[in-house]
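I have placed the structure first, in the form of structure tokens, so that the comments after it can refer back to it.
The values are calculated or read from the model by the stated rules, or taken from the named source; none is laboratory data. What you are looking at is a predicted structure, and each value in this text was computed from that prediction instead of being measured. Neighbour counts are summed over all protein chains in view; Cβ atoms, including those assigned to glycine, are modelled from backbone coordinates with ideal geometry. Each accessible area value is taken on the protein alone, full model and side chains, heavy atoms only, with ligands, DNA and RNA left out. Shrake-Rupley method; radii C 1.70, N 1.55, O 1.52, S 1.80 Å.
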Amino acid sequence: MKTVLSLRLNGRPRDDVVPDNLLLVDYLREAVGLTGTKIGCDGGECGCCTVLIDGRPRHACLTLAAACQGTVVETIEALETGGRLSAIQRAFHEKLGAQCGFCTPGMVMAAEGLLRANPRPNEADIRDGMAANICRCTGYVKIIEAVEAAAREIAP
Amino acid sequence: MEYMPAFRLHRPASVEEAVALAAGDPAVRFLAGGTDMVVNIRRGIERPTALVDLSAIPELGAIDIDSGALRIGAAVTLARLAADPRVAAVWTAVAEAAGSVAGPTHRAYGTVGGNLCLDTRCLYYNQSEWWRSSNDYCLKHRGSVCHVAPGGKQCFAVFSGDLTPGLLIHDATVDLVGPGGRRTIPLGDLYRDDGMDHLALAAGEMVAAVRVPAPPRGARSGYLKSRVRGSIDFPLAGVAALVVSSDGLATDIRVAVTGVNPRPHRIRGIDVHRGHALDDNALDAIREAVRTQAKPMKTTTVAPWYRRRVVGALARRLVARLASS
Ligand SMILES: Cc1cc2nc3c(=O)[nH]c(=O)nc-3n(C[C@H](O)[C@H](O)[C@H](O)COP(=O)(O)OP(=O)(O)OC[C@H]3O[C@@H](n4cnc5c(N)ncnc54)[C@H](O)[C@@H]3O)c2cc1C
Ligand code: FES
Ligand code: FES
């Protein structure tokens, strides 16, 4: 009922012995200690736990860690370089895309996935691309503006 | 706490291996994206002894078009299906439906097979363990009373997958693999009108692929759904339609529904409009046929009468659009 899980997490290879029933979100938060990824619901509703697996967004709360064998996993902790925030993180900060901040790691990872697949999204693309993430504070307008601003900076 | 019971995870590399791993123990369950299965495990509705993960099987991951016919592997993601321009051009309802499931993150790893084999849903069933236990559970799981229709012994939990109606109007078939070998059946025969036991799969049998023949020449199809939040929710009602018209007359018309009955199905009795113009009278008659054959019950927070009206209205709107475009 245990597997040796080998994956690449935030740029570094890792091997961990994980129980078969361990959720990726618990692996990240409890086993690795990366608590940036949040848990906001009892499964699949809110998007707070969004991470990138092989570059595509995925709910860490509905993913079994052992099923991530051989994959590349990226969490919110991967985005800064040398203490400097990424363009998307900076845009969320500057455009007031975060209030309480609980949804923000998931929002930022969803935006990261969106902009990698579509570097020049229009507003409708952003609304569609962020639709699996729920925010109880901002009313979404500031989040959309943040993603627009980040897109302009990354792909002018 | 019911949070994640113990189970084994198998990650087979072939369909034969997957079927062998699932054989003999009804508590072994298939896992694809897990966007429904893992939710249900976390809620204590599913208690598998082992999961057989289908996502690493190459045979299940392809979209092929051969002599005009489409074959979609069961592990193809909804995002890939929705984004395939060949599918959108010819089997428009299928692409539209795939693009309307849940939210973009779910579609990035939720699969076609998981959508076709989705468990039925009900207000009294898709709840946490403590919610259900404080309601004495329900007929579908651990309880003895159906809270939707307390007098009867029937379960009305609704099939709510978006993909099925668009495939039904295109006469899709499904390739099944199980302990008894391989077989192909019409997609409509995969479903039963019983919320407790809605899939006609044999023990240990899985869906390997869905096959969709070329539509009739000139066919136009589409999918419309109604939901509480346009960004993410299951359908309160979903309608797919296909129309072929020539010289203003409909030569073929097909409608199928989801989200309103335990079994997704084609609407019967609308062939009478073949050879006629789809005028207001015909559209009204189609709307009434859909309303009568949809039997929504109190399985969602939205009232049954509303869902019955909405499913008819969606069908009328969609057929009118397809007939005039
Ligand atoms: C917030 C939220 C919103 C959602 N909204 C929608 C919606 O609007 N419309 C909709 O249709 N769905 C919706 N879903 C459900 C789900 O995301 C999709 O239906 C998805 O396609 C399921 O696919 P999966 O690969 O994740 O299935 P899984 O969860 O892996 O499996 C689902 C079921 O199918 C079985 N199964 C999987 N593959 C096979 C196979 N090849 N052969 C036999 N059995 C198989 C599993 O054993 C399980 O019983 C929603 C889910 C969430 C969490
Ligand atoms: S924690 Fe809410 S979707 Fe994962
Ligand atoms: S900032 Fe509070 S939930 Fe989004």
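Some notes on this structure:
- Kirkwood's formula applied to the C-alpha pairs of segment B:53-163 gives a hydrodynamic radius of 16.1 angstrom.
- Residue of B:237, B:209, B:56 that the Gaussian network model of chain B assigns the largest fluctuation, springs spanning Cα pairs under 10 Å: B:56
- Chain B: calculated mean residue ellipticity at 222 nm from DSSP helix runs of at least 4, using -39500 (n - 2.57): -7500 deg cm²/dmol
- Put simply, the amide H of residue B:245, placed in the peptide plane, has neighbours under 5 Å in B:251, leaving out anything fewer than 5 places away on its chain.
- Most mobile listed residue (A:65, A:87, A:124) in chain A, GNM with C-alpha springs under 10 Å: A:124
- Expressed to the nearest 5 percent, the antiparallel share of DSSP beta bridges inside segment B:11-123 is 55 percent.
- The mean number of Cβ atoms from other chains found within 10 Å of a Cβ in peptide A:103-114 is 1, as a whole number.
- Surface exposure of segment A:87-154, expressed per residue as accessible area with a 1.4 Å probe, stands at 48 Å².
- Close amide-amide hydrogen proximity is noted between residue B:121 and B:158, B:159, B:160, each under 5 Å apart and 5 or more residues distant or on a separate chain (H modeled in the peptide plane; Pro and chain starts excluded).
- Near residue B:110: Cβ cut-off under 13 Å, other residues only, Lys/Arg at +1 and Asp/Glu at -1. The net charge is +2.
- Apportionment of accessible area to carbon and sulfur, the protein assembly as shown, percent (1.4 Å): 53 percent
- The distance separating the Cα centre of segment A:35-83 from that of segment B:305-319 comes to 38 Å.
- Point-charge dipole on Cβ atoms (K/R +1, D/E -1) for segment A:2-78, about Cα centre, debye to 20: 180 debye
- Label-point separation, residue B:144 to residue B:183 (7 Å along Cα→Cβ), nm: 3.6 nm
- In this structure the amide hydrogen of residue B:276, modeled in the peptide plane, comes within under 5 Å of the amide hydrogens of B:250, none closer than 5 places in sequence on its chain.
- Peptide packing for A:68-78, A:112-122, B:113-123 was compared via the average number of neighbouring C-beta atoms within 10 Å per residue; ordered from the highest value, the list is B:113-123, A:68-78, A:112-122.
- Restricting attention to segment A:2-78, close to 90% of DSSP beta bridges with both partner residues there are antiparallel.
- Other residues whose C-beta falls under 14 angstrom from the C-beta of residue B:144 contribute a net charge of +3, scoring Lys and Arg +1 and Asp and Glu -1.
- Under 27 Å from the Cα of residue A:38 - lysines, other chains or at least 8 residues apart: A:2, A:95, A:142
- Interface B-A: total buried accessible area of about 2300 Å², 1.4 Å probe, protein heavy atoms only.
- Taking a ≥ b ≥ c as the square roots of the Cα gyration tensor eigenvalues, segment A:1-53 comes out oblate, since a/c reaches at least 1.5 and a/b does not exceed b/c.
- Using only side-chain charges placed at the Cβ, +1 for Lys and Arg and -1 for Asp and Glu, the dipole size of chain B relative to its Cα centre rounds to 860 debye.
- Degrees separating the helix B:280-293 axis from the principal Cα axis of chain B, which is the longest one: 20 degrees
- Prolate/oblate/rounded label for chain B (Cα gyration tensor, a/c 1.5): oblate
- Phi to ³J(HN,Hα) by Karplus 6.51 cos²θ - 1.76 cosθ + 1.60 over segment B:257-264, Hz, x for Gly, Pro: 10, 9, x, 10, 9, x, 10, x
- Candidate lysines - alpha carbon under 18 Å from residue B:295, same-chain residues fewer than 8 apart omitted: B:153, B:225
- Cα-derived Rg to Rh of the protein assembly as shown, Kirkwood definition: 0.97
- Cβ-defined net charge surrounding residue B:199, 11 Å radius [Lys, Arg +1; Asp, Glu -1]: -3
- Peptide A:61-72, shielding by other chains (average Cβ, 10 Å cutoff): 4
- Shape of segment B:202-325, Cα gyration tensor, a/c cut at 1.5: oblate
- Taking 0.36 nm per residue of separation and subtracting the current Cα-Cα distance, fully stretching the chain between residue B:131 and residue B:280 would add 49.0 nm.
- Relative contact order [Cα under 8 Å, 6+ residues apart], chain B, whole percent: 16 percent
- Length released on extending from residue B:3 to residue B:89, taking residue separation times 0.36 nm less the Cα-Cα span: 26.6 nm
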